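Notes follow once the structure below has been shown.
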Amino acid sequence: MLNFDFYNPTQILFGQGQIAAITPLVPAGARVLMLYGGGSIKRNGVYDEVKAALSGHTVIEFAGIEPNPHYETLMKAVEIVHAEKIDFLLAVGGGSVIDGTKFVAAAALFEGDPWQILEKGGRNITAALPFGSVLTLPATGSEMNSASVVTRAATQEKRPFANRLVFPKFSVLDPSKTFTLPLRQVGNGVVDAFVHVMEQYLTYPANAPVQDRWAEGLLLTLIEEGPKTLSEPDNLDVRANVMWSATMALNGVIGVGVPQDWATHMIGHELTALYHLDHAQTLAVVLPGILTVRKEAKRAKLLQYAARVWHIAEGDEDSRIAAAIERTRAFFEQMGVQTRLSGYGLDASAIDAVVAALEAHKLVKLGEHRDVSAEVSRAALELSL
Ligand code: NZQ
Ligand code: ZN
């Protein structure tokens with residue numbers, strides 16, 4: 001029997017035209033801070049639709065949240081929240097804007113130094129402003145989860161936090177708003193969602209056949225639909241399927257009661273902090289190596305993955321596992337995301353730097369068995385030079 005406590009309060013508004021439906025969900029009389037990124041929402045109509053939906057509300061804007069949102073930028077938004085007596089936030093953008101808004105929501109009501117939120121992984125949050133989101137980039141799942149990742153540019157630290165108080169109240173998922181995404185971001189999104197499933201699925205058997213089948217369904221859907229976003233970029237149905245897959249990949253449902261890994265993500269965060277690779281690029285580099293060096297601990301699930309997701313039936317166990325990992329790498333490449341450090345102009349010196357950062361940040365007991373030491377991380381990265 002699994003034991004779990006599954007909680008998810010985010011209301012999802014899915015489909016074309018759903019931005020207009022947020023009007024009654026933002027409290028009447030609220031002073032709203034609308035947070036967004038570098039301006040993509042002004043080029044694809046999202047900005048205008050949000051402004052129209054909130055025409056009866058008081059809305060102040062905060063623009064310029066960058067990819068891998070910076071603590072320094074977000075603290076400027078916190079100042080505006082205080083100065084303008086803001087009581088509702090609306091994130092409009094990709095995972096970085098939503099993550100940044102979660103931090104602003106918590107930091108605005110935090111007593112003491114807000115960096116402590118990242119130091120303590122969010123466990124010290126006792127209050128947060130309510131917020132909603134309008135998602136424009138399917139990838140992170142941030143639109144329906146309580147996690148966030150913030151980067152302190154000054155010290156090159158990228159840190160996650162999570163707390164139930166920072167679930168969005170609602171999120172709009174309008175797949176037609178993803179047509180303007182650059183192909184690089186489309187590929188990144190599919191890879192990020194795929195790896196989110198893998199972090200929760202590819203560990204060891206836990207008598208969780210429902211979670212396993214859900215996870216495999218998401219992986220199969222991403223494998224089927226992901227490449228179509230590149231070959232049929234104007235296909236709304238494909239965009240919708242990818243968007244829903246990405247949300248379901250990290251809204252908690254496939255992870256309830258099962259062991260979880262997340263070593264690939266934690267190693268990847270260091271690669272982004274040091275070398276500014278996109279989040280999904282780091283995952284594409286790290287995951288194949290992690291699966292290979294941890295083959296013994298993950299053997300049963302790797303064989304299940306090979307059989308059920310890649311339909312590999314030929315060969316002995318080791319060759320089936322190797323083939324499944326190779327197919328995974330090839331899938332990422334097919335999505336336009338390079339899987340080797342050399343593809344990003346990096347060499348072995350980057351591995352030394354990542355390992356040093358993992359040690360400095362005490363990330364030396366990662367993975368579902370807490371046995372991914374800095375040296376195991378090194379061995380994984382060396383397989384993707
Ligand atoms: O800033 P704008 O101009 O909006 O442009 C963005 C940005 O340059 C652009 N973009 C977004 N929607 C667009 C668009 N361009 C055209 N048309 C659209 N519809 O895309 C670029 C990247 O956006 P970003 O939000 O950074 O991407 P993503 O959604 O991949 O978010 C990545 C961040 O999320 C964190 C990552 O670490 C990274 O910081 N993650 C958050 C997680 C969570 N909260 O649970 C889990 C993930 O594992 C991940 O760590
Ligand atoms: Zn991710």
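Within the set of pairs 6 or more residues apart or between chains, which connect a residue that is closer than 21 Å to residue 133 by Cα inside the stretch 150-175 to a residue that is open to solvent by 50 Å² or more (accessible area, probe 1.4 Å) and not hydrophobic (A, V, I, L, M, F, W, C) with Cβ atoms less than 6 Å apart?
Partner pairs satisfying both residue conditions: 151/70; 167/9; 170/11; 172/18; 174/16; 174/18.
Please count how many residues of the stretch 118-155 are assigned to a helix (DSSP H, G or I), within 16 Å of ligand 2 (Cβ to nearest atom), open to solvent by less than 10 Å² (accessible area, probe 1.4 Å) and in contact with a Phe, Trp or Tyr (Cβ under 9 Å, 6 or more places away or on another chain).
Here the count works out to 0.
Hey, can you tell me all the residues within the stretch 303-360 that are aromatic (Phe, Trp, Tyr), part of a loop (DSSP other than H, G, I, E, B) and either crowded, with 21+ Cβ neighbours inside 10 Å or not assigned by TED's automatic domain parsing to the domain that holds residue 233 (or both)?
none
Only one residue in 208, 215 is of a type in the set (A, V, I, L, M) and more than 16 Å from ligand 2 (Cβ to nearest atom), so which one is that?
208 is the lone residue from the list that is of a type in the set (A, V, I, L, M) and more than 16 Å from ligand 2 (Cβ to nearest atom).
Suppose the filter is of a type in the set (Lys, Arg), open to solvent by 40 Å² or more (accessible area, probe 1.4 Å), in the same structural domain as residue 279 (by TED's automatic domain parsing) and more than 16 Å from residue 296 (Cα to Cα); does residue 370 pass it?
no
Could you list, in sequence order, the residues of the stretch 321-349 that are in contact (Cβ under 8 Å) with a residue 40 or more places away in the chain and over 23 Å from the mean Cα position of the chain (by Cα)?
Residues satisfying the conditions are 342, 346.
Out of the residues in the stretch 202-240 meeting the condition of being small (Gly, Ala, Ser) and free of Cβ contacts under 8 Å to residues at least 40 places away in the same chain, tell me which one is least open to solvent (accessible area, probe 1.4 Å).
215
With respect to the numbered conditions (1) touching a residue at least 12 places away in the same chain (Cβ under 8 Å); (2) open to solvent by 10 Å² or more (accessible area, probe 1.4 Å); (3) more than 10 Å from ligand 2 (Cβ to nearest atom), which one is the sole condition not fulfilled by residue 182?
The single condition residue 182 does not satisfy is (1).
The values are calculated or read from the model by the stated rules, or taken from the named source; none is laboratory data. Predicted model only: the values in this text are computed from it and were never measured. Cβ sites come from the backbone with ideal geometry, for glycine too, and all protein chains shown count toward neighbours. Only protein heavy atoms, including side chains, enter the accessible area calculation; ligands, DNA and RNA are left aside. Shrake-Rupley method; radii C 1.70, N 1.55, O 1.52, S 1.80 Å.
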